[in-house]
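Take a look at the structure set out below.
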Amino acid sequence: MKETKTASEPRGLTIPRSNALNEDALNDQRKPGSDVVITHEDIDRAHDRERVSEMRAQHGFRPRLRLFWLLIGPGILVMLGENDGPSMVSYAATGARFGIGFFVPFIALTFLMACVVQEMTVRLGAATHRGHAELIFDRFGPFWGWFSMIDLMVGNFLTLVTEFIAIRAGLGFFGVRPAVAVLGALLVLSVALMTHRYWTWERIILGAAMFNLMFVPVALMTHPHWGTVGRALVTGRPLPGGLTQETVLVLLADIGATVTPWMLFFQQSAIADKGLTTRDIRFGRVDTVLGAALATVAALATMLATAPLFMHHMSAANFEAAEFAQALQPFVGHWGAALFALGIFEAGMVAAITISTSSAYAFGEVARRPHSLNLPFKQGRAFYLVLLVEAAAAAGLVLIPGIPLVYIVLLVNVIAVLAMPPALLFLYMLVNDREIMGALVSPLWANVLALGVVIVLIGAGLLFGVSVIAPNALALVGGK
Amino acid sequence: MVKEFNAAAGAEVSAEVSREEFTSVMTALEPDQIVSTKEHHHCPRRRLTRTEMLLFWALRIYLVFMVGVVVYQIWTSVR
C-alpha cells in the first residue's frame, strides 16, 4: 500500500484511508485500508460530471437541452463512425448496381439492428463504468478474452486499411497525391488527440462526423423521384436479379456497414470514459437512436446519389470511391461530385479516428494500462501509442499501388458480419448478468430482439458460405 | 498485479492535487468511477455452464470456418 505521494505519481495524490480529507465520501466497498489515488483522468471526468449535475438540478427547457448536449456523443459518434469509407462505398455500389427498390427498407432495417445492439452497450457501460474488453476478460477469463481481442484487433486493422483507402480515394478526386492524403490524415488524427480531454475530442469528432450528411445534398442534386423512394421504403421490393453470389455479397456488405464488433467496444468504453451513470441511460438511448437516424439518412442519401448510375445502366464493377464521384459528375455537376468525394474522405477520416480509439481502449483495458482520452500523453503513453501505431501501419499499407478497393471494402464488411455473432454472445451474456447489471439486466423484449439480430447475422453468414462453396445451391433458397 | 496498474504510475509529479479537486472528484464521481478504486475491484470471474461453453465453441468454430470461406473466395478470385 502506498502511504505517501511518490515521484511516480503525476498530478496524483495518494490518500491513505486514515488520512482522507473527506472520508465520509469514500466508497464503503473499498477494502479497509486501501488507498484512493486521484488522477488527472478523475479530475477531468469529475469536472464533466459537475456540469451534468448542475444542469440536472435546473428546471426548464434550456437546461434540459443543455443537459442533452452534455450527455450525447458516444451514440452519434459510433453510428456516424460506422458510416465509414467501406460502408459508404458499399451503399454507393448498392445504389449503382441495384437501384433503390429492395435496399432502401433493407438498410433502414440494418440500422434498427444496430440500435438494438448498441442500446445494450449503453446500459452495460453506464452500469459498470468499465470497457467491453475489460468485462469480457474479468467475467469469462483470458482464454475467451483473447479470442475476442484477436477478433477485434484483426477486424479493426483490416477496416482501418480500408478507411485510409477511402481517404486516399476521396482526396484523389481533388488531385491530392496518395502519400500526402494519407500523411495528412495521420496528422489530423494526431492533432485531435492532442486535446488530452475526452470532452474536447468528442466535440471535435462530432463536428467532423456531421459532414457525413454531405451525401444528402448530392442525393438531392440527382432529383430523386420521392414517390418511388417512399413506396420502396414502405412496401419493399424483391431483390433485383434474385439471390446470386453477387447479391449475397452486397447484402452482407450492407449489414456489415451498420453492425460490427468495434462499435460494441467503442461505445461502451466511450461511455465509461465520458463518465455516464445509470441516471444517464435514457439520454444514452436517445443519443444512440439519434445517431442511427442520422446515419440512416446519410446511408440512404449515398444510395440515392448513385442510383442514376443504375438507371443509366452504367457498370459499377470497376468503380473505386473517387471514381463514383467522377461517374456522377454528368448527373450532379462538378460541385456535387466534389461533395461526394469529400464525403468519402470524411467517412474514412472519422472512422479511422474512432476505430483506432476502440483498439486503444481495448488494449488498455486488457493490458491494465491507463486508457482514457483524458490522459496527458506521458501518463497514457501506451494508449496513445497503440492508437497511433495501428493507424500508421494501416496507412502505410494503403500506399501499395493497385489495390482493388471495391472488392476489399465489400469483403471487410463481410468479415465484420461474420465476427459479430461471437461478439454478440459475449454482450448478450454480460447484459443479462445480474451480478454486474443488477436491476438493469435486459428485459425479455430486448433479449428477443437481440436473439433476432444474432439469428439474422448467422443466417446471412451461412448464406454467404453457401454462395461461395456451392453457388448452385442458392437455387434451393430461391436464388438463381 | 493490481498495484502495478496505477493510473499515476511511470510519470513525474507535476502538481499537487488541490483540496477543491479532491472534493470535486469525491462528490461528482460515483465511487467505482475513480480509476484507482476500479482497479482494486475487478468483476469476479463467472463459471460458464455447459450450454454456454458449447455456444462459445460453436460460434468460434463457425467463425473459423467462415473466415476459411472468405480466404477461399479471395483465392478463387485471384486465380
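No value in this document is a laboratory result; all are computed from the given coordinates. Computed from a predicted structure; not experimentally measured. Cβ placement follows ideal geometry from the backbone for every residue including glycine, while neighbour counts extend to all protein chains displayed.
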Exercise. How many nm is it between the label spots at B:Arg19 and B:Ser77, if each spot is 7 Å from the Cα in line with the beta carbon?
Worked result: 6.6
Seminar exercise, completed: From fewest to most C-beta neighbours within 10 Å, the residues A:Trp262, A:Trp335 line up as A:Trp335, A:Trp262
For this session: Just name one of B:Ser24, A:Phe143, A:Gly95: the one whose Cα is farthest towards the positive end of the charge dipole of the protein assembly as shown (beta-carbon charges, Lys/Arg +1, Asp/Glu -1).
Result: A:Gly95
Exercise. Gap in Å between the Cα centre of region A:322-366 and the Cα centre of region A:419-457?
Worked result: 31
Problem set entry | For region A:44-56, 3J(HN,Hα) per residue [Karplus equation, 6.51 cos²θ - 1.76 cosθ + 1.60, θ = phi - 60°, Hz, x = Gly/Pro] | 4, 5, 5, 4, 4, 6, 4, 5, 5, 4, 4, 5, 5
Exercise. Rounded to the nearest 500, what is chain A's calculated 222 nm mean residue ellipticity when only DSSP H runs of at least 4 contribute -39500 (n - 2.57) each, over all residues?
Worked result: -24500 deg cm²/dmol
Exercise. For the protein assembly as shown, with the dipole built from +1 on Lys and Arg beta-carbon atoms and -1 on Asp and Glu ones, taken about the Cα centre, which of A:Gln329, A:Thr162, A:Ala341 lies farthest toward the positive end?
Worked result: A:Gln329
Problem set entry | Dipole in debye (nearest 20) - the protein assembly as shown, about Cα centre, beta carbon charges: Lys, Arg +1; Asp, Glu -1 | 700
Exercise. If you count, for every residue in A:134-145, the Cβ atoms of partner chains within 10 Å of its Cβ, what is the mean?
Worked result: 3
For this session: Please say if the protein assembly as shown is rounded, prolate or oblate, where rounded means a/c under 1.5 for a ≥ b ≥ c the square roots of the C-alpha gyration tensor eigenvalues, and otherwise the choice is prolate for a/b larger than b/c and oblate otherwise?
Result: prolate
For this session: Calculate one ³J(HN,Hα) per residue across region A:187-202 by plugging θ = phi - 60° into the Karplus curve 6.51 cos²θ - 1.76 cosθ + 1.60, and present them in order as whole Hz with x for glycine and proline.
Result: 5, 4, 4, 5, 5, 4, 6, 5, 5, 6, 8, 4, 4, 5, 4, 4
Exercise. What residue among A:Phe173, A:Leu152, A:Gly207 has its Cα farthest toward the positive end of the dipole of region A:123-226, where the charges are +1 on Lys, Arg and -1 on Asp, Glu, each on the Cβ?
Worked result: A:Gly207
For this session: Arrange the peptides A:93-103, A:438-448 so that the one whose residues have, on average, the most other Cβ atoms within 10 Å appears first.
Result: A:93-103, A:438-448
Exercise. So who's got an amide H within less than 5 Å of the one on A:Asn432, skipping anything under 5 residues away but keeping other chains? H placed 1.01 Å off N, in plane.
Worked result: A:Ser442
Seminar exercise, completed: So, relative contact order of region A:338-480 in percent, Cα under 8 Å, 6 or more apart, is 13
Problem set entry | Under Karplus coefficients 6.51, -1.76 and 1.60, residue-wise ³J(HN,Hα) of region B:46-63 in Hz, glycine/proline x | 9, 8, 7, 6, 4, 5, 5, 4, 4, 5, 4, 5, 4, 6, 5, 5, 4, 5
